[in-house]
Amino acid sequence: MTHYAFKHLGLFDAHVPRYTSYPPANHFDTLAPSQSESWLKTVPRSGHIAIYVHIPYCRRLCWFCADHTHGLMTDRPLRRYLDHILAELALIAGYLPPDVRVASVHLGGGTPTILSAEMLSELGQALRDFRPFTRTARISVEIDPAAVDDARLDALAQIGMNRAAIGVQGFDPRVQTVTGRVQPFAVTRKAVAGLRARGVGCVTMDVLYGLPYQTPDSMTQTIEKVMDIRPDRLALFGHGHAPLRSRRQVMIEDAALPDPQARLALFEAARRQLLDGGYHPVGIDHFCLPGDSLAFAAEIGSLRRNFQGYTEENADALIGIGASSISRFAQGYAQNVAAISDYGAHVAAGRLPTARGHRFTSDDLLRGAMIEELLCNFSVDIATHARRFDRPIEAVEAIVLPLLSTFHAHLVKDGSRIELIGPARHLARMAAQTMDAYVAPEGRHSRAI
């Protein structure tokens with residue numbers, strides 16, 4: 001597929017959601033804490049839950065980042081914030097059925113390892129006391145190699161960490177300097193060695209393309225170093241540049257950013273290198289080593305999409321803990337208030353900190369499942385979704401009509417199954433948007449490539 005074909009279809013100009021949720025979070029509306037209380041009570045008895053804990057603090061603020069994070073020069077706010085996390089856990093425990101079990105925990109941020117070893121141990125024990133863990137519970141932590149030491153790694157190992165995610169972004173010193181994230185290769189390699197020595201069996205690395213002054217050569221060198229460390233999984237994300245929404249990104253000069261055609265070339269160069277290095281592609285932007293559980297999920301069709309990208313888990317509910325974190329229940333999404341002071345005031349007063357969210361309609365569930373299937377498998381089976389959601393097949397066919405019309409030259413149809421093929425899979429998020437009933441104005445989302 002040529003650059004001309006990509007351009008004709010609008011790949012180089014499009015801004016589309018990442019579809020880690022449906023509808024995307026920018027379509028959330030006001031939601032009362034009482035709604036979260038009700039949804040928590042309806043989590044199936046003996047069901048499995050996933051827990052996400054958001055630590056919104058960093059020792060350094062990376063200029064490319066658009067997350068809800070705050071820089072800290074002192075540790076004093078951390079004690080107060082951890083107390084609020086523990087208080088929210090206690091509130092949720094009062095509504096959740098007592099026999100629910102924890103299938104996974106993810107500590108994200110921000111920088112979870114900004115917490116001291118003692119605080120990490122305290123948080124881990126509180127999570128263990130919250131509800132029993134399943135025998136195979138996945139406990140994952142986002143690690144900043146520049147903000148972790150042996151004491152913290154020991155504390156995390158003690159609470160059962162068996163997975164870790166490391167943000168690499170890029171190893172080119174010039175790119176690191178202009179993005180405010182200096183992270184030498186030796187520091188990253190040492191952190192991974194520390195994780196492996198403590199029995200962490202799955203290490204994921206995030207690499208960004210589209211950063212200022214990034215070139216195919218610098219991307220090639222970054223991927224070479226990543227493969228030297230040999231993480232089990234790698235996510236290749238496009239830098240989302242939106243300085244009007246993330247003020248710190250004004251530190252990055254627009255003129256230094258690669259244009260969309262160059263972004264595609266960077267992605268393709270990294271992708272080829274990873275495939276040649278023995279990694280298997282998973283979904284639109286993930287890669288993993290043979291034998292990894294994510295590759296197996298993709299092979300058998302059980303791959304799922306969530307706020308971290310792709311996952312093999314299928315919990316009955318995702319419980320978000322901390323400022324701005326998002327929960328997903330069978331009935332909808334519930335997002336905590338984003339401002340840390342407001343979050344603390346809510347939990348200190350004994351109230352769940354829910355501020356925004358979305359109640360699913362039957363149409364949301366249908367379209368969300370179809371979009372998820374497309375981004376996980378590059379295909380949509382019309383008959384399967386009609387049966388699953390008890391809808392007339394004509395109603396499901398109507399949803400895919402725009403997809404068929406726009407991308408007909410890049411699809412194959414086998415019975416009721418439609419598949420996006422070849423290089424056109426770069427267009428998967430654009431293809432998904434044709435099934436989105438909440439399409440937002442251009443510019444509200446990241447680039448399609």
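Here are a few things to note about the model shown:
- Selected residue (criterion: surrounded by the most Cβ atoms within 10 Å (Cβ to Cβ)) from residues of the range 259-280 that are touching a residue at least 40 places away in the same chain (Cβ under 8 Å) and in contact with a strand residue (DSSP E or B) (Cβ under 8 Å, 6 or more places away or on another chain): Leu266
- Residue in the range 179-191 that is of a type in the set (S, T, N, Q), modelled with pLDDT under 95 and in contact with a strand residue (DSSP E or B) (Cβ under 9 Å, 6 or more places away or on another chain) present: yes
- Residues (assigned to a strand (DSSP E or B) and modelled with pLDDT of 95 or more) located in the range 137-169: Ala137, Arg138, Ile139, Ser140, Val141, Glu142, Ile143, Arg163, Ala164, Ala165, Ile166
- Selection of the range 93-108 for residues being surrounded by fewer than 19 Cβ atoms within 10 Å (Cβ to Cβ) and either assigned to a helix (DSSP H, G or I) or among the hydroxyl-bearing types (Ser, Thr, Tyr) (or both) yields Ala93, Tyr95.
- Of the numbered criteria (1) among the small types (Gly, Ala, Ser); (2) under 21 Å from the mean Cα position of the chain (by Cα); (3) at positive phi; (4) modelled with pLDDT of 95 or more, the one Gly301 fails is (4).
- Note on the range 296-308: residues that are crowded, with 22+ Cβ neighbours inside 10 Å and either part of a strand (DSSP E or B) or of a type in the set (Gly, Ala, Ser) (or both) amount to 1.
- Screening His346 on (1) under 22 Å from Thr42 (Cα atoms); (2) assigned to a helix (DSSP H, G or I); (3) touching a Ser or Thr at 6+ places or on another chain (Cβ under 9 Å) shows it passes everything except condition (1).
- In the range 204-222, residue farthest from Asp276 (Cα to Cα) [restricted to those that are assigned to a helix (DSSP H, G or I) and touching a Phe, Trp or Tyr at 6+ places or on another chain (Cβ under 9 Å)]: Ser218
- Yes/no for His426 being assigned to a helix (DSSP H, G or I), of a type outside the set (S, T, N, Q), free of Cβ contacts under 8 Å to residues at least 12 places away in the same chain and out of contact with any Lys or Arg (no Cβ under 9 Å at 6 or more places or on another chain): no
- Members of the range 170-191 that are under 17 Å from Ile114 (Cα atoms) and part of a helix (DSSP H, G or I): Val187, Thr188, Ala191
- Among residues of the range 383-423, those that are over 27 Å from Glu268 (Cβ atoms), touching a residue at least 24 places away in the same chain (Cβ under 8 Å), under 27 Å from the mean Cα position of the chain (by Cα) and part of a helix (DSSP H, G or I), counted: 3
- All positions within the range 131-162 that are among the charged types (D, E, K, R), in contact with a Lys or Arg (Cβ under 8 Å, 6 or more places away or on another chain) and either under 24 Å from Arg181 (Cβ atoms) or without any contact (Cβ under 8 Å) to a residue 60 or more places away in the chain (or both): Asp144, Asp154
- Checked against the criteria, Gly283 does not count as free of Cβ contacts under 8 Å to residues at least 40 places away in the same chain and either of a type in the set (Gly, Ala, Ser) or buried (at least 17 other Cβ atoms within 10 Å of the Cβ) (or both).
- Residue count for the range 334-346, restricted to those that are within 18 Å of the chain's Cα centre (by Cα) and crowded, with 24+ Cβ neighbours inside 10 Å: 2
- Criterion (loosely packed, with under 14 Cβ neighbours inside 10 Å and at pLDDT below 95) met by exactly one of Ser405, Ser362: Ser405
The values are calculated or read from the model by the stated rules, or taken from the named source; none is laboratory data. These numbers come from a predicted model, not from an experiment. FYI the Cβ positions are ideal-geometry reconstructions off the backbone, even for glycines, and counts take in every protein chain you see.
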